[in-house]
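The values are calculated or read from the model by the stated rules, or taken from the named source; none is laboratory data. As the structure is a prediction and not an experimental result, all values here were calculated from the model. Here the Cβ positions follow ideal geometry from the backbone for every residue, glycine too, while neighbour counts run over all protein chains shown. The area values use the complete protein model at the heavy-atom level, side chains included, leaving out ligands, DNA and RNA. Shrake-Rupley method; radii C 1.70, N 1.55, O 1.52, S 1.80 Å.
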Amino acid sequence: GYLRTEAYSADVIFESLVANNLLVIAKDFNGSAYLPEYNFNGIGLMNPGQGYQIKTIGSVLFEY
């Protein structure tokens, strides 16, 4: 779940994972995707209380 109290762009939230080439894809509950490999942000803003799924390359510690 997205625990912040304000909406932020998915590319900002996942910036550290993308910088380290760890994020493959992130999806919201509608199936909209953030694909850093293609510089595509179909999610737009991540909203408080919403759930998101992410696929990474290997194990990661994700803190936001």
Just checking, does region 1-20 include any residue being without any contact (Cβ under 8 Å) to a residue 60 or more places away in the chain, open to solvent by 40 Å² or more (accessible area, probe 1.4 Å), in contact with a Phe, Trp or Tyr (Cβ under 7 Å, 6 or more places away or on another chain) and of a type in the set (A, V, I, L, M)? no
Among residues of region 34-60 being more than 15 Å from Val18 (Cβ to Cβ) and open to solvent by 50 Å² or more (accessible area, probe 1.4 Å), the residue nearest to the chain's Cα centre (by Cα) is Gln53
